[in-house]
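The values are calculated or read from the model by the stated rules, or taken from the named source; none is laboratory data. None of the values given here were measured: they were computed from a predicted structure. In this analysis, Cβ positions are derived from the backbone assuming ideal geometry, glycine residues included, and neighbour counts consider all displayed protein chains. Heavy atoms of the whole protein, side chains included, go into the accessibility calculation; ligands, DNA and RNA do not. Shrake-Rupley method; radii C 1.70, N 1.55, O 1.52, S 1.80 Å.
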Number of protein chains: 4
Amino acid sequence: MTSSANAILLMSSPDRKGLVAKISEFIYRNDGNILHADHHIDEEAGLFLMRVEWDLNGFSLPRDEIHVAFNPLARELGLNWNLFFSDQIPKSAIFVSKYEHCLYDLLLRHRAGELRANFSLLISNHPDLRSIAESFGIEYMVFPITKERKFEQEVRIRNELNKREIELIILARYMQILTKGFVESFQNRIINIHHSFLPAFAGPDPYRQAYQRGVKLIGATSHYVTAGLDKGPIIAQDVIRVTHRDSPDDLIRKGRDLEKLVLARALRAHLDHQVLVYGNKTVVFE
Amino acid sequence: MTSSANAILLMSSPDRKGLVAKISEFIYRNDGNILHADHHIDEEAGLFLMRVEWDLNGFSLPRDEIHVAFNPLARELGLNWNLFFSDQIPKSAIFVSKYEHCLYDLLLRHRAGELRANFSLLISNHPDLRSIAESFGIEYMVFPITKERKFEQEVRIRNELNKREIELIILARYMQILTKGFVESFQNRIINIHHSFLPAFAGPDPYRQAYQRGVKLIGATSHYVTAGLDKGPIIAQDVIRVTHRDSPDDLIRKGRDLEKLVLARALRAHLDHQVLVYGNKTVVFE
Amino acid sequence: MTSSANAILLMSSPDRKGLVAKISEFIYRNDGNILHADHHIDEEAGLFLMRVEWDLNGFSLPRDEIHVAFNPLARELGLNWNLFFSDQIPKSAIFVSKYEHCLYDLLLRHRAGELRANFSLLISNHPDLRSIAESFGIEYMVFPITKERKFEQEVRIRNELNKREIELIILARYMQILTKGFVESFQNRIINIHHSFLPAFAGPDPYRQAYQRGVKLIGATSHYVTAGLDKGPIIAQDVIRVTHRDSPDDLIRKGRDLEKLVLARALRAHLDHQVLVYGNKTVVFE
Amino acid sequence: MTSSANAILLMSSPDRKGLVAKISEFIYRNDGNILHADHHIDEEAGLFLMRVEWDLNGFSLPRDEIHVAFNPLARELGLNWNLFFSDQIPKSAIFVSKYEHCLYDLLLRHRAGELRANFSLLISNHPDLRSIAESFGIEYMVFPITKERKFEQEVRIRNELNKREIELIILARYMQILTKGFVESFQNRIINIHHSFLPAFAGPDPYRQAYQRGVKLIGATSHYVTAGLDKGPIIAQDVIRVTHRDSPDDLIRKGRDLEKLVLARALRAHLDHQVLVYGNKTVVFE
């Protein structure tokens, strides 16, 4: 069998009859073999959301003609839609500060073939993690952030991102808040890991907040970044049990494992085009 | 909007192109609104498995004509298939011995509307739980089992089941092993809860086995009953953490919660026609 | 061996050397056999907290002399302390509204011997659950609550509780907020189950809030009731995974299982005298 | 406050009165401040097991005299006991084959201060992971194993371990079975990670076994190595949910996360002297 790429359609529209049938039929009519098809109807919102993935091997349309061919049907059905190809790997930048655990985790998972990303650039407000970048052969740029220079530095960062055609940003415990303007220019393309079970303990030092409140579980949340701090659409969450024996340092230690797992799970779902954002929520087609 | 029932198709066949499209098209052509469609391809087995559910409200075929109408397509595609209607509730019998926890759990969930079952009959080898049956208004029959009378009693039980047209049997901690003949006459229609994480600790007294092995988690497994003891297709499993502090009695106590949850989850999936058995495995379309 | 009761000491004091030794020595000197001894040092608060349980069988002090005998040591060590006996079962009242699941769960666990409580009274603002009370042989009293009559009704409720010497109140999905005065007269003796992972989604309709926020896990929290709504010391918490497929009704259904488990776990810990409150937190000596 | 080490006693003996008191009193009499004291009574085995940790700062006995000073009491009480000091870090060897995930995880946790170990040597039957060893500055030795040369190579390995005074061996997905003789010379000092929820799926290729059985959870187990394959005392276990969608490769991927977490948790407990082995079970004093 010829190794081949897959095409993936992510779509949403007001719900109506025949959507699954018509979309499936489009693929079948062009000799496509559907590998995964999943949809969801949000009854409250009256919204239809669908993901379909098919093998391009044997598909009668060349990949650069699919867009044009699908457009009439999409228009008829009133679809918001995006077409992806599994072998088009987005160029990504990872933003870090001083913590290495999420960074290492992403780089090792990538090397193990778990993440369909192309980590092209590491950006940090500190020089500390440069040697990790180097040992994995990734460019590392430092942009120190102060209150006064924040806007100016973000302009420089955006410039570097644009030059390299970066499409996706992963905040792997980046300890700076991005400006509204920056965030909006990467809508649904900045993934953050917050070290709490949101919406509990948004903002700074959530482990300290958790310790003081005396919760019996701590969490981590990966979400798309929006202008509202820690308020964006949630992609993945998990928790771990803690007891009175756990000091604040133990929460940080246990939390590191959660942060790694949750960020990796969210990023993998994004990279496999399994995530659809609508309103302030996500559908994750696993 | 008229309250209405749904139709559900569960299908499997050798994998080939166009299955999703052709099946969806059949429903759409007859004005059906697909509510859920989910499929799975087992690449190793080369098998396609699908579940599709649509609203009968507005569907152009009367429900008793769907079978005939779908048959030609099913034959063309080589499908094994079953058609269900969400308002056809199967008559079910619950088999119990002396433990009340799973029984109570099922009856209360049923009353809360969680289980689309019709619990018509309680069968036990002991009289102990009769009062529970009575308080829920369900018939209770006692068939004491001894080694010598087992076969004879099973014949009588089957007779009662047949008279009442029982389609589904739930073993809610029934402490007897059914004979091969009995099991085979209810293929994939007997659901058991075993109080271990199968395949670990099959057979008698799994909590004692778990205690002696010193495991750090105990489990429960709900599965279809086959002739091989505790070897049938698994529908649901879960575990709970235990420590050295847990005595054998604590394992039993903690295990009760697991048994209730896992049996209820498996039964609910079965009743919602989400479970497809193939080989000795299940697909659960949640 | 004579079946016998145990004594349990729950203590806290500023941390200093020799606390474990001196307390253990007191028990040993009087021929007590320590069954469980557990302590915790909160380094930030400089606080020592301890639970010790010993067999009264063979103990040289009669149980009504232990208090006097221990007092000099307790004074020397600056202990806050309480002495309990495992066979002194507190009289308890369960408050409910219309939901039956937590109530049934508690009553069945009690019958199975899991909860060392004496459920003497059921209080509700609705008549709906009276038949459950009756089938378990427990008195059921209805006190309808309106804004105007709240204070007056609470006075009448307290009167009934006092007459029966109720020591512990369990709010098993009681849908009324108790007044500050009521709460303060039962300090650390009212246990509530809140259907969210606190501090997320405090207040009304947490499942709706969770649905709207798009979280990927829902939770339940059992805590002692204080004047601040949903702000009291947390005893137990747990979560369950949800997806976009779960409707608000599914969250309610899944949440019921959580509520039952978490309330039962917290209540059991309280009844076994495993919970020590300090500040707004708990130590649970499991 | 002077930074100081702690002393830890791990003990077991037939259960009798006064054990906690007498042991605590020994520490207190010598001006020790108990930080943690935890014990367990296995009622079936009639066995008392205890762990006590105290601050050496201010303790009146020099550390090299504690052994002699405690011995008379230990003899009187019939204790099996071991004394440890928190600043005596055991020299450890990690055995690997070709998988890097557990190795990297251990090395990074060590660098983050999570593991009180001294990783002195990496031993492998393959050269593949040499560069990781070098980047962390650890010696790497290759001993290719064939059926014929196994015994001979183990002799050479033991020689290298002895030369370096290695006290602890961690099998981080080492794909060779050690001989009985080797195992017995490191009793309770070889920690393995097995990629299943033991006792289910012992032996080779557990993910394949799990896939074929159709389980709904996969697990990992960390245990001390004994002569019986995958039969030694279990230290830690955990599981993760899988579905029919997970291919054998997905099980391997998900399992990697489990293996890392479970091995690290077990190793940390061992290094903090929290694990007591008795019979074929462990007590883990967390």
Legend entry - Estimated vicinal HN-Hα couplings, Hz - region D:156-173 in sequence order (Karplus 6.51, -1.76, 1.60; Gly, Pro = x): 5, 4, 4, 4, 5, 5, 5, 3, 8, 6, 5, 10, 9, 10, 10, 8, 9, 6
Legend entry - region B:223-286 and region A:11-56: distance between their alpha carbon centers, rounded to Å: 33
Inset, instruction - Could you pull the copy-to-copy label distances for D:Gln209, with points set 7 Å along Cα to Cβ, in nm to one decimal and sorted shortest first? - result: 1.3, 4.5, 4.7
Legend entry - Heavy-atom accessible surface that A and C bury in contact, both chains counted, 1.4 Å, Å² to 100: 3100
Legend entry - Residue-normalised accessible area of region C:243-286, given per residue in Å² at a 1.4 Å probe: 33
Legend entry - Taking region B:36-132 and dividing mean pair separation by its residue count, relative contact order in percent (alpha carbons under 8 Å, at least six apart): 21
Legend entry - Within region C:41-123, GluC sites (Glu not before Pro) in DSSP loop having at most 11 other beta-carbon neighbours inside 10 Å: C:Glu43, C:Glu44
Inset, instruction - Shortest first and in nm with one decimal, please list how far the B:Glu44 label point sits from its counterparts in the other copies (point 7 Å along Cα→Cβ). - result: 3.5, 4.0, 4.9
Legend entry - Residue closest to axis [chain A; rotation mapping onto C; Cβ; Å]: A:Ala200, 2
Inset, instruction - Treating only the Cβ atoms of Lys and Arg (+1) and Asp and Glu (-1) as charged, compute the dipole magnitude of the protein assembly as shown about its Cα centre; round to the nearest 20 debye. - result: 0
Inset, instruction - Could you tell me what percent of the accessible area of region D:31-101 is made up of carbon and sulfur, with a 1.4 Å probe and every protein chain present? - result: 46
Legend entry - Square roots of 5 times each gyration tensor eigenvalue, C-alpha, region B:100-164, largest first, Å: 24, 14, 9
Inset, instruction - Over the whole of C:9-22, what's the average partner chain Cβ count within 10 Å per residue? Rounded to a whole number, please. - result: 4
Inset, instruction - Might you report the magnitude of the Cβ-based charge dipole of chain C about its Cα centre, with Lys and Arg at +1 and Asp and Glu at -1, to the nearest 20 debye? - result: 760
Legend entry - Accessible area of region C:111-157 divided out per residue, in Å², using a probe of 1.4 angstrom: 53
Legend entry - Solution diffusion estimate, µm²/s, Stokes-Einstein, region A:218-286, Kirkwood Rh from C-alpha pairs, 10 °C, viscosity 1.306 mPa s: 122
Inset, instruction - Give the residue from D:Ser196, D:Ile234, D:Leu178 lying farthest towards the positive end of the charge dipole for region D:173-286; charges sit on Cβ (+1 for Lys and Arg, -1 for Asp and Glu) and the dipole is referred to the Cα centre. - result: D:Ser196
Inset, instruction - Quote the relative contact order of chain D in percent (integer), defining contacts as alpha-carbon pairs under 8 Å separated by 6+ residues. - result: 15
Legend entry - Cα principal axis extents for chain D, largest first, Å: 60, 41, 40
Legend entry - P(r) histogram, all alpha-carbon pairs of region B:52-113 included - 10 Å bins from 0, percent: 15, 33, 22, 21, 10, 0
Inset, instruction - Before rounding to the nearest 500, sum -39500 (n - 2.57) across all DSSP H runs of length at least 4 in the protein assembly as shown and divide by the residue total; then give [θ] at 222 nm in deg cm²/dmol. - result: -10000 deg cm²/dmol
Inset, instruction - Please report the Cα spread of region B:201-247 along all three principal axes, rounded to whole Å, starting with the longest. - result: 36, 19, 11
Inset, instruction - Using protein chains only (no ligands, no nucleic acids) and a 1.4 Å probe, work out which residues of region B:243-285 have their accessible area cut by at least 40 Å² relative to the chain alone. - result: B:His244, B:Arg245, B:Arg253, B:Arg256, B:Asp257, B:Leu261, B:Arg268, B:Lys281
Legend entry - Label 7 Å beyond Cα on the Cβ vector: D:Pro14 copy-to-copy distances, nm: 4.6, 7.2, 8.4
Legend entry - Counting DSSP beta bridges with both ends in the protein assembly as shown, the antiparallel % (nearest 5): 70
Inset, instruction - Heavy atoms only, probe 1.4 Å: what % of the accessible area of region C:214-286 goes to carbon and sulfur, would you let me know? - result: 52
Inset, instruction - For chain D, find the longest principal axis of its Cα atoms and tell me its angle to the long axis of helix D:19-29, 0 to 90°, nearest 10. - result: 70
Inset, instruction - Just the number, please: percent antiparallel of the DSSP beta bridges in region D:1-126, rounded to the nearest 5. - result: 80
Legend entry - Straight-distance crosslink candidates among lysines, where the alpha carbon sits under 16 Å from A:Lys216 and sequence neighbours closer than 8 are dropped: A:Lys254, C:Lys231, C:Lys281
Inset, instruction - Of the DSSP beta bridges with both residues in chain B, give the percent that are antiparallel, rounding to the nearest 5. - result: 70
Inset, instruction - Please report the base-10 log of the normalised intensity I(q)/I(0) for the protein assembly as shown, using a Debye sum with one equal scatterer per alpha carbon and no solvent, at each q in 0.05, 0.06, 0.07, 0.08 (1/Å). - result: -0.37, -0.54, -0.76, -1.01
Legend entry - Area projected by the alpha carbon convex hull of region A:100-224, averaged over all directions, nm²: 8.8
